[in-house]
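**Student:** Can you read through this structure? Questions will come right after.
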Amino acid sequence: MTKSVVKPAQNGRRISLKFLAEHLGLSPSTISYVLNDTPGRSIPDATRERVRKAAAEFNYQPSMIARTLQGKPMQTVGILLPELGEGYHSQVLSGIGDLLMERGYFYFTVHHRHKPDLIRALPVLLQARGVDGILAIDTHLEDPLPLPAVLIAGETKLHEVTNVVLDHEVAARLAVEHLYQLGHRKIVFMKGQSFSTDTQLRWEATMDVARSLGLTVDERLIVELAIDSSSPEISYPGIHNLLERRAEFTAVLCFNDVSAMGTIRALHDAGFRVPTDVSVLGFDDIQSASFQVPSLSTIRQPLKQMGSTGAEALLQKLAGEELPSIIRVEPELIVRESTSPFRPNSATFRRN
C-alpha cells in the first residue's frame, strides 16, 4: 500500500492560489469557491473533489490577508490583558481560550502592563493583523476602539463596549458580613492598586457595607497596595508596617488571594498564627487558594466562567446581536481554614 505524502511548498515558498489553479487547469476563482464552500456556485462534484485533493496534497493554506480583503471574517480575536502570569488573569484567559477553541476561533494575546500608550496602540495593531474583535481583561479602556469589544473585569463608559463584571455589591457584603458574623470588629481593609480596574468599584462597595453594619473603618488599619506585581510581595510591606506599629486587629480583608498569601507570610514571620490570632479573607479563589497552609477562605469570582461569558458575548456582537452594556456574574463565599471566630485573647492584643 502506498502512503500519501504531503508535498512541501515549492522552493520553500507558500503555495499560492495561482499555483494551485495552474496545476489543476482551473481558474483561481473556482478554487476559491470550492475551498470556501461558496453557496450558489454550480461546480461539478468531480471538480470539487480534484480541488480538495490537490489542496491537501500541496498543503495549501488560504491567505488570511486575502480573506480580509474579501470582507470575510478571519475568525480571530485579539486579547488584551495586563500580564501573562499565573492566577487571576490566566484563569480568565483559560475560559476564553476554551470557548474560542470550541467555536473554531484563533486568538492573539498581548499584554500591556497597564501602560496607557500600549492600551491605545495595541487595538490598532491587532486590527492591522486582521482580528475580528477584541477581548480586554482588567484593562482601563478610555478611547473608542476600532473593532467590536468586550471588557472582562472593570467597567468602561464607552457605549460600544460590553462589560462582563462581578457583582461587587454582593461580593462586598459576603466578605464583610462573613468577618462581622465571626465577631471581628477591628478589621484591616486592603485597597487594591490604583491601576486595577476592580479597585475603586470594590472599595466603594466594601465601605458601603461596612457603614451599613456600623463598623468603624480605622484609617490606620487601611493598607493600600502599590507594588506592580502578581506576587504575594504586594501586601507584605503594608502588613509588616502595621505589625511594626503594634496596631490592634483581628482580621484582614484582602484585595485578592495573592495579597492574602503575602499577608499570611507577614503574620507568620512576626510570630502570629492564622486564624488563631488573625483571620485572613482572600478574594478571587485562584487555583492555589485551596492548597495554601492554611487554605484560604475567599470570595470566589467564577474566573473561567467570566472568560467564557466574555468570549460568548464577543461572538454574539460579531454576529450582529444586540447586547446589554453590562453583564453581571455572581460571587460566592468559600469558607476554608484561614478565618475563624474572634478570640478576645488574640495575640495582637496580648502583646500590648
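**Student:** Only residues that are modelled with pLDDT of 85 or more and among the small types (Gly, Ala, Ser): list them for the range 57-88, please.
**Tutor:** Once the filter is applied, which keeps residues that are modelled with pLDDT of 85 or more and among the small types (Gly, Ala, Ser), the range 57-88 yields only GLY78.
**Student:** With respect to the numbered conditions (1) β-branched (Val, Ile, Thr); (2) open to solvent by 50 Å² or more (accessible area, probe 1.4 Å); (3) at pLDDT 95 or above, which one is the sole condition not fulfilled by VAL124?
**Tutor:** (3)
**Student:** Output the number of residues of the range 324-337 satisfying the condition of being part of a loop (DSSP other than H, G, I, E, B) and touching a helix residue (DSSP H, G or I) at 6+ places or on another chain (Cβ under 7 Å).
**Tutor:** 3
**Student:** Something else about it: Got at least one residue in the range 218-237 being in contact (Cβ under 8 Å) with a residue 60 or more places away in the chain, within 31 Å of the chain's Cα centre (by Cα) and open to solvent by less than 40 Å² (accessible area, probe 1.4 Å)?
**Tutor:** No, because not a single residue in the range 218-237 is in contact (Cβ under 8 Å) with a residue 60 or more places away in the chain, within 31 Å of the chain's Cα centre (by Cα) and open to solvent by less than 40 Å² (accessible area, probe 1.4 Å).
**Student:** On the basis of being more than 23 Å from the chain's Cα centre (by Cα) and farther than 15 Å from ILE134 by Cα, does VAL335 make the cut?
**Tutor:** Considered against the rule, which asks whether it is more than 23 Å from the chain's Cα centre (by Cα) and farther than 15 Å from ILE134 by Cα, VAL335 comes out as yes.
**Student:** Sticking with this one: Given the condition out of contact with any helix residue (DSSP H, G or I) (no Cβ under 6 Å at 6 or more places or on another chain) and at pLDDT 85 or above, answer yes or no: does some residue in the range 3-12 qualify?
**Tutor:** no
**Student:** Further, regarding this structure: What number of residues in the range 114-134 are touching a residue at least 40 places away in the same chain (Cβ under 8 Å) and closer than 17 Å to ASP198 by Cβ?
**Tutor:** 1
**Student:** I would also like to ask the following. Restricting attention to the range 131-142, which residues are open to solvent by less than 30 Å² (accessible area, probe 1.4 Å) and either farther than 22 Å from GLU321 by Cβ or among the β-branched types (Val, Ile, Thr) (or both)?
**Tutor:** VAL131, ILE134, ILE137, ASP138, THR139
**Student:** Quick one: in the range 289-322, of everything that is touching a residue at least 60 places away in the same chain (Cβ under 8 Å) and open to solvent by 10 Å² or more (accessible area, probe 1.4 Å), which residue is farthest from PHE255 (Cα to Cα)?
**Tutor:** LEU318
**Student:** What pairs come up if the first residue lies in the range 172-195 and is farther than 18 Å from THR263 by Cα and open to solvent by less than 10 Å² (accessible area, probe 1.4 Å), the second is β-branched (Val, Ile, Thr) and not in a strand (DSSP E or B), and their beta carbons are under 6 Å apart, counting only those six or more places apart or on different chains?
**Tutor:** As it stands, the answer is ALA172/THR206; ALA172/VAL209, since those pairs meet every condition given.
**Student:** For residues in the range 84-110 being open to solvent by 20 Å² or more (accessible area, probe 1.4 Å) and in a loop (DSSP other than H, G, I, E, B), which is nearest to LEU303 (Cα to Cα)?
**Tutor:** GLU86
**Student:** Next up: Tell me whether the range 240-257 contains one or more residues that are open to solvent by 20 Å² or more (accessible area, probe 1.4 Å), among the aliphatic types (A, V, I, L, M) and within 32 Å of the chain's Cα centre (by Cα).
**Tutor:** No, the conditions are met nowhere in the range 240-257.
**Student:** Would you pick out the residues in the range 143-162 that are surrounded by fewer than 24 Cβ atoms within 10 Å (Cβ to Cβ) and out of contact with any Pro (no Cβ under 8 Å at 6 or more places or on another chain)?
**Tutor:** Within the range 143-162, ASP143, PRO144, PRO148, GLY154, GLU155, THR156, LYS157, HIS159, VAL161 meet the criteria.
**Student:** Can you pull out the residues in the range 299-340 that are of a type in the set (Ser, Thr, Tyr) and modelled with pLDDT of 95 or more? Reasoning before the result, please.
**Tutor:** Residues of the range 299-340 of a type in the set (Ser, Thr, Tyr): 308-309, 325, 338-340.
Result: SER308, THR309, SER338, THR339, SER340.
**Student:** Now a separate question. State the number of residues belonging to the range 293-317 that are over 20 Å from LEU179 (Cα atoms) and more than 17 Å from the chain's Cα centre (by Cα).
**Tutor:** Initially, the range 293-317 is screened for residues over 20 Å from LEU179 (Cα atoms), giving 302-317.
Restricting the remaining residues to those that are more than 17 Å from the chain's Cα centre (by Cα) gives 316-317.
Summing the residues that are over 20 Å from LEU179 (Cα atoms) and more than 17 Å from the chain's Cα centre (by Cα) in the range 293-317 gives 2.
**Student:** I'd like the residue in the range 286-323 that is part of a loop (DSSP other than H, G, I, E, B) and touching a strand residue (DSSP E or B) at 6+ places or on another chain (Cβ under 7 Å) and, out of all such residues, is farthest from ILE137 (Cα to Cα).
**Tutor:** Only one residue tops the list, namely LEU296.
**Student:** What do you reckon, is VAL278 touching a Ser or Thr at 6+ places or on another chain (Cβ under 8 Å), farther than 20 Å from LEU135 by Cα and touching a residue at least 12 places away in the same chain (Cβ under 8 Å)?
**Tutor:** Criteria met by VAL278.
**Student:** On to the next question. Where the second residue is of a type in the set (D, E, K, R) and the first is under 14 Å from ALA313 (Cα atoms) and lies in the range 95-107, which pairs have Cβ atoms under 7 Å and are six or more apart or on separate chains?
**Tutor:** GLY95/LYS304; LEU99/GLU312
**Student:** Go through the range 135-147 and report how many residues are aliphatic (A, V, I, L, M) and without any contact (Cβ under 8 Å) to a residue 24 or more places away in the chain.
**Tutor:** Of the residues in that region, 2 qualify.
The values are calculated or read from the model by the stated rules, or taken from the named source; none is laboratory data. Keep in mind that what you see is a predicted model, and the values were worked out from it rather than measured. For neighbour counting, all protein chains shown are included, and Cβ atoms are generated from backbone atoms with ideal geometry for every residue, glycine included. To get the accessible areas, we keep the full protein, side chains included, count just its heavy atoms, and leave off ligands, DNA and RNA. Shrake-Rupley method; radii C 1.70, N 1.55, O 1.52, S 1.80 Å.
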